[in-house]
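J.: Can you keep this structure in mind? I'll have questions shortly.
The values are calculated or read from the model by the stated rules, or taken from the named source; none is laboratory data. Worth saying up front: this structure is predicted, and the values here are computed from it rather than measured. Reconstructed Cβ throughout: ideal geometry from the backbone, glycine too, with neighbour counts over all protein chains shown. Keep in mind that these areas ignore ligands, DNA and RNA; they rest on the heavy atoms of the full protein, side chains included. Shrake-Rupley method; radii C 1.70, N 1.55, O 1.52, S 1.80 Å.
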Amino acid sequence: MQVPYNWLKTYIDFPYSPFELSDKLTMAGLEVEELDYLGKGLENIIIGEIIEIKDHPNADKLKICRVDIKEKTLQMITGAPNIKMNIKVPIAEVGVTLPTGMKIEKTTIRGEVSEGMICSKDELGLQEKRASGIMVLSDQAKKGEKFIKYQGLNEYVYKLDLTPNYARCLGMIGVAREVKAMQDDDLSIKYPEIDINEKKDQKADQIAEIKIEDENLCPRYAGLIIKDVKIKPSPKWMQNRLRAAGIRPINNIVDITNYILMEYNQPLHAFDLNKIKDRKIIVRRAKEKESVITLDGVKRSLDEQTLVITDPHKIIAVAGVMGSENSEVTENTTDIFLEAAYFNPTNIRKTARKLALPSEASHRFERGIDIENVVTAGRRAAFLMQEYAEGQVVKGVIDNYPLTYQENIVKVEISKINRLLGISLDKDEIEDMLKRLEIETIKREANCLKFKVPSYRNDIEEDADIIEEVARIYGYNNIFSTIPRSNQVGKRTRIQKIEKKIKNVMNATGLDEIITFSLTGPDDYRNLNLPSDHRYMDWVSIKNPLNEAFGLLRTSLIPGLVEAMSTNAKRQIEELKYFEIGRVFFNQGKNERPLEKTKLSAGSMGSVQDRWDLDAPDFYYLKGVLEEFFKKLNIDKNVKYLNGSQPFYHTGRTADIFYEDEKIGTLGELKPEIIEQYDLKERSAVLEIDLTTIFKEVEIGDYLFEMLPKYPAVVRDLAVMLSEEIPMMEVLNLINSQGQEILKDTELFDIYQGEQIPKGKKSIAFKLLFQAKDRTLTDQEVNSVVNQIIEKLKNKYEAEIRKK
Amino acid sequence: MDLLKEIKKIESEAQEKFKKVENLKRLEKLRVKYLGKKGKIAQIFSKMGQVADEQKPIVGKETNILKNKIQKLYNQLKEEKEKELKAEKLKSETIDVTLPGNKVDVGHKNPFTHIIDEVVELFLGMGFSIEEGPEVETEYYNFEALNIPKDHPARDLQDTLYIDDQYLLRTHTSPVQIRTMEKEEPPIKIIAPGRVYRSDELDASHSPNFHQIEGLVIDKDISFSDLKGVIEIFIHEIYGKERKIRFRPSYFPFTEPSAEVDVSCNVCKGKGCSLCSYTGWVEVLGSGMVHPNVLKMSGLDPDIYSGFAFGMGWDRIAMLKYDIDDIRVLYENDKRFIHQF
Ligand SMILES: [Zn+2]
């Protein structure tokens, strides 16, 4: 809704400057999105009259004009084809800067002096398209006068962002009422003039007839008849106001209906009376497959849910949405049938949506207009047609009003108002405040007040709505602040605590946290080369996606992670370590709730340390992170890693991660094709873990202190050679199983293959740490355990001992 | 030979030599020369036989005095020289303290996490619990239970992404209000952070996927002034004590009265600039008293219970707090960006 300041002022004489009013409106709940001054940059343009035109002696296409700007005359050169004697034109004198940024200077064009410029519409910033000639003003324009005054541009316009409960403010009078409520003194609304000289020879209902077939969809339909109208441009002031409100002037009849729309928040429709068959209007539901060509020339097919305005032969309008060409007012129209109606808001909303035809009218109907004001608005329009279209208004209004308005009475408990707002007002104060909003008290009871709500306040239904009005008038910022009393303790849930712990561990192990979109596209998964039966392909699709790239919900955090790694790699970031905790979604079948799971992903690119010299720095970095992660969650003893096989991992460098016997995730180096496609650094690795099991199993804060050892430890190195096929985890498990409670730690510190080691074998070296709680260990004790370990290694893996 | 004379001579000679000693090695040699088993002092003792008996105690005494003197001199010099040596060693080990330190890998928190940690700590302190809810929601929880019936113009305020006829992606975190009221008895005090979805094209100020933080308080006698108090504490904590706050009437279907909350613009300090559209205020939060219809639908009697709710864009807090002018930066995950937090 665009509200021009000066236009608003014609309804109420408020004492606020344009800027003060802006603030007041916002604070009253009518949020001012923008405040524009229409004449910006045009303040110095004046009106001139062409009083002489000569040919330019040195240029065929140019003319030399003398322009009278009242206090003097100036010579100007123009090439405009529409230059004529005695026309009024906008003039920019030397020194003026146009809105386009062009500065007017005194110039000489082929030997002739030009002392200013005759402007075109685009040069004044009034249209974007290049104009074919200069702007010609009407004969009423006064030479020497400011152009902005003539053009109605000396105007501030408020762009209001109105929420649905402010539907009443979609008209100037509605806004004026809000301005009135801002002050407690007596500002009054100046309602528009309606002074009709009725044509008495006939009555409207003798000329035309209205029949409403569905009163729920059309509770009120009124018609007025205006005869002998002359179609011509509307008066300048009206055009200016409409333009300021963002509406393009067309002709007097259309402009008047739009003017009333803006003034009273009442959409009107003018039909050519003589195009209505039998002058009989029938308001009914459309029939299945019926169609109509609307004013925009488009054929619309309708259904039984659409309300239409018809005559006995044809549809003449889609009610509240758009008229039809077949009954349109044209240059030749002489008699008008003016529709002023109230249509069912929900129905209009559905129709406008279905036909994709939102309009100023439907916008208002669907929010609900003032059903009691329908006839007044129609009469005001008829009056303006009498004044500005030379129309003869026929006596009477055909007012078909089957569902009469029921007065809305709301009862409010005084104590409830005070309790809910945290204030203490008495009955009189509340009454006075609401009176400013024309909400009248009709009954005073001991603890209650009963109010009659004005018919234009369809947003007020119950006491809560009245309480809101009291708060608004009282002023939100005048209400004191308090803190609610409480004896509760705030806390995180167990899962939230685990999540926080995970984030801390991840940060501590050097990973940065990222957040990626959970809306994603199929390409991300195609690029991972997944077979169609892969779990990641069970995604949930969006029914109405913005585009393919946001067309589904992710089933894995890996695509987003890889994308983030790629973004960085392309920006010359050589090294990164990322993690994310987020939800993924799996399709559970049609009409089933998708499954939401929380997952953890991590990725490493460009790590330097290559602990085992296997050219797998990123893989083992992530492995180290995982080990620390499970240790911190106190479940490291339950976790194992087995060779895995995901289509997006390097076949020889991927592991499945198990918690006991349940697979909870995967870890692997991305396969070379993917690394190449995403421009990642070689050997980049990622992992993903389903946190569901972890959330179930982990106990937070369950630590038991273990006594620090009092007796010295004994350290032994052990180097063995065995087949390279044997996974390290097995060897470690075997060693640890022989520890006899004195082996406290087994650390692998070297793997070697190459010279001196036969092909197919590897040499591995451990540091074994022995310690007892209650005594100093003897060499004998330690040796016996070491020997036992060696025996087992020999027996099981044919290990050769290199050093002990 | 006069031993006493010799003692005098040794003394002056020793004084001379010790004074000139340069390092510990020479000092040691001097020690051997005078105090050693075959040193000059020992030699004097060995000559004691030749001394007349009555002279013996005198010579003996003088020799011991000499011995102590030299010993003292030696000790003193040794300590001195050792100190010098240590100092030299330290000096020789001087490093360039301006060289860069070791590379230490520290993981960085995401700005979203920074903010939520701050917000959560604050609300935990005020006795709030943290709630979460599903991101895939039903029409009922996302709209109807929040007093947004089908075909109500309020539906236009949010463009919804649908999955099918039953399920949609929540357009706000407000459904968590309903889920909490259904499962818990008042008093209720929660905040609910989470992801939300809208059918908005991705640009500098919109994203189809963003985050919100919701708050809800339900109890007997909760008033609008309580709402103001809690929100003022929150805003002052997050945006700074010096910020001015204003509440202005607004509309949300699930609250009444509803209030939009603005803070004074930090860039222009309220004078007006492009960030605040020349109003001096920046919108940070929507709030209001829980609508009686919402209470009723969730099984609470509005004549007994009242409450307030508030909701804010989590991304928006990040943008305002860290001066980020493009929402896409938050989801791009550029390492250089994350490392600023
Ligand atoms: Zn500002």
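J.: Would you mind checking which residues have amide H under 5 Å from B:S250's amide H? H placed 1.01 Å from N; only 5 or more apart, or other chain.
T.: Hits under the 5 Å cutoff: B:S258, B:A259, B:E260.
J.: Let me ask something else. For the protein assembly as shown, with every protein chain kept in place, what is the accessible area per residue (1.4 Å probe, Å²)? All intermediate terms of the calculation are to be shown ahead of the outcome.
T.: Numbers: 54010 Å² over 1145 residues.
Solvent-accessible surface per residue comes out at 47 Å².
J.: Of A:D186, A:D523, A:D201, which has the most accessible area and how do the rest follow, probe 1.4 Å?
T.: Numbers: A:D186 155, A:D523 75, A:D201 110 Å².
Listed by decreasing accessible area, they come as A:D186, A:D201, A:D523.
J.: Rounded, prolate or oblate: pick one for region A:683-753, where a ≥ b ≥ c are the square roots of the eigenvalues of its C-alpha gyration tensor, a/c under 1.5 means rounded, and failing that, prolate if a/b is larger than b/c, else oblate. Could the numbers behind the result be given before it?
T.: Values: a/c = 2.38, a/b = 1.11, b/c = 2.15.
Note, shape of region A:683-753 comes out oblate.
J.: With heavy atoms of protein chains only and a 1.4 Å probe, what residues of region A:508-524 have at least 50 Å² less accessible area in the full set of chains than alone?
T.: Buried-area filter returns A:D512, A:E513, A:I515, A:F517, A:L519.
J.: To the nearest 10 degrees, how steeply does helix B:24-35 sit against the main Cα axis of chain B, on a 0 to 90 scale?
T.: 30
J.: Which cysteines in the protein assembly as shown lack any other cysteine whose Cβ sits under 4.7 Å from their own Cβ?
T.: A:C65, A:C119, A:C169, A:C218, A:C448
J.: Mind grabbing the accessible area of A:L642 for me, 1.4 Å probe, Å², rounded to tens?
T.: 80
J.: Normalise the Debye intensity by I(0) for region B:111-338, one equal point scatterer per Cα, no solvent, then take log10 at q = 0.09 Å⁻¹ and round to two decimals.
T.: Ignoring solvent entirely, the Cα scatterers give -0.36.
J.: Please report the carbon-and-sulfur percent of the accessible area for the protein assembly as shown; probe 1.4 Å, protein heavy atoms only, DNA, RNA and ligands left out.
T.: 47
J.: Return a whole-number percent for the relative contact order of chain B, with Cα pairs under 8 Å and 6 or more residues apart as the contact set. List each step's numbers first, then the result.
T.: Numbers: 486 pairs, mean separation 49.3, N = 341.
It comes to 14 percent, rounded to a whole number.
J.: Output ³J(HN,Hα) for region A:656-661: one whole-Hz value per residue in order, computed from phi by the Karplus curve 6.51 cos²θ - 1.76 cosθ + 1.60 with θ = phi - 60°, and x for Gly and Pro.
T.: 8, 10, 10, 9, 6, 9
J.: A follow-up question, please. At 4 °C and 1.567 mPa s, what whole-number value in µm²/s does Stokes-Einstein give for the translational diffusion of chain A, with Rh from the Kirkwood sum over Cα pairs?
T.: Values: Rh = 35.3 Å.
Translational D for this selection: 37 µm²/s.
J.: Now for a separate question. Number of Lys-Lys pairs in region A:643-789 under 17 Å by Cα, sequence gap 8 or more or different chains?
T.: Details: A:K663/A:K696; A:K671/A:K681; A:K710/A:K744; A:K710/A:K773; A:K744/A:K767; A:K744/A:K773.
Lysine pairs meeting the criterion: 6.
J.: For helix B:111-125, what angle does its Cα long axis make with the longest principal axis of chain B, in degrees from 0 to 90 and rounded to 10?
T.: Approximately 80 degrees, to the nearest 10.
J.: Now a separate question. Pulled fully out, how much extra length does the chain show between A:E575 and A:I250, if you take 0.36 nm times their separation in residues and subtract their Cα-Cα distance?
T.: Length gained between A:E575 and A:I250: 110.5 nm.
J.: While we're on this one: When all alpha-carbon pairs of region A:378-497 are counted, what percent fall beyond 22 Å?
T.: Of the Cα pairs, 57 percent sit more than 22 Å apart.
J.: Just tell me the longest site-free run in chain B, where the sites are GluC sites (Glu not before Pro) in a DSSP loop having at most 12 other beta-carbon atoms within 10 Å.
T.: Longest stretch, sites excluded: B:94-200.
J.: Rounded to the nearest 500, what is the 222 nm mean residue ellipticity of chain B from helices alone, with -39500 (n - 2.57) per DSSP H run of 4+ residues and division by all residues?
T.: -13000 deg cm²/dmol
J.: Next up: Compute the length gained on full extension between A:E628 and A:T692: take 0.36 nm times their separation in residues and subtract their Cα-Cα distance, giving the result in nm to one decimal.
T.: Going from the current span to full extension adds 21.2 nm.
J.: Continuing with this model, one more query. Using a 1.4 angstrom probe on protein heavy atoms only, which residues from region B:224-252 are buried by at least 30 Å² of accessible area when all chains are present rather than their own chain alone?
T.: Flagged in region B:224-252: B:F224, B:S225, B:D226, B:K228, B:R246, B:F247, B:R248, B:P249, B:S250, B:Y251.
J.: While we're looking at this one, here's another question. Greater than 32 Å separation of Cα atoms is the criterion. Which listed pairs, A:K599/A:K796; A:K543/A:K577; A:K491/B:K321; A:K129/A:K289, meet it?
T.: A:K599/A:K796; A:K543/A:K577; A:K129/A:K289
J.: Further question on the same structure: Want the number for A:K314 to A:Q788: 0.36 nm per residue separation, take away the alpha-carbon distance, what's left?
T.: That works out to 160.3 nm of additional length.
J.: Between the helical axis of B:3-20 and the dominant principal axis of chain B, each derived from Cα atoms, what acute angle in degrees is found, rounded to the nearest 10?
T.: The answer is roughly 30 degrees.
J.: Let me ask you something else. Quick one: 3J(HN,Hα) in Hz for region B:140-155, Karplus 6.51/-1.76/1.60 with θ = phi - 60°, rounded, Gly and Pro as x.
T.: Rounded to whole hertz, the list is 4, 6, 7, 10, 4, 5, 9, 6, 10, x, 4, 6, 8, x, 4, 5.
J.: I would also like to ask the following. Using only the alpha carbons of region A:458-604, determine the length spanned along each of the three principal axes and report them from longest to shortest in whole angstroms.
T.: So the extents along the principal axes, rounded to whole Å, are 63, 41, 34.
J.: Looking only at chymotrypsin sites (Phe, Trp or Tyr not before Pro) in DSSP loops with at most 10 other Cβ atoms within 10 Å, what is the longest site-free stretch of chain A?
T.: For chymotrypsin sites (Phe, Trp or Tyr not before Pro) (loop position, at most 10 other Cβ atoms within 10 Å), the longest site-free span of chain A is A:1-702.
J.: Can you pull out the buried accessible area for chains B and A, both sides counted, probe 1.4 Å, rounded to the nearest 100 Å²? Intermediate results must be reported in sequence, preceding the final value.
T.: Details: alone 20050 and 41600 Å², together 54010 Å².
Buried surface at the B/A interface: approximately 7600 Å².
J.: Just need the relative contact order of region A:199-400 here, percent rounded to a whole number, with Cα pairs under 8 Å and 6+ apart. The partial results should precede the final answer.
T.: Working: 448 pairs, mean separation 71.7, N = 202.
Rounded, it is 35 percent for region A:199-400.
J.: A further question follows. First check a/c for region A:41-96, with a ≥ b ≥ c the square roots of the eigenvalues of its C-alpha gyration tensor; if it is under 1.5, answer rounded, and if not, answer prolate when a/b is larger than b/c or oblate otherwise.
T.: Values: a/c = 1.93, a/b = 1.65, b/c = 1.17.
Since a/c reaches 1.5 and a/b is larger than b/c, the shape of region A:41-96 is classed as prolate.
J.: Taking just the alpha-carbon atoms of region A:408-476, what radius of gyration and Dmax come out, in angstrom?
T.: 10.7, 30
J.: At 0.890 mPa s and 25 °C, plugging the Kirkwood radius over alpha-carbon pairs of region A:714-803 into Stokes-Einstein gives what diffusion coefficient in µm²/s?
T.: Working: Rh = 13.4 Å.
Answer, rounded: 182 µm²/s.
J.: R0 = 30 Å: FRET efficiency of A:D184 with A:D36, Cβ-based, nearest 0.05?
T.: Once the sixth-power term is evaluated, E becomes 0.45.
J.: At R0 = 22 Å, how high is the FRET efficiency between B:Q71 and B:K91 if r is their beta carbon distance? Nearest 0.05 is fine.
T.: The value I calculate is 0.15.
J.: Give the residue list of trypsin sites (Lys or Arg not before Pro) in region A:265-306 that are DSSP loop and have at most 16 other beta-carbon atoms within 10 angstrom.
T.: A:K287, A:K289
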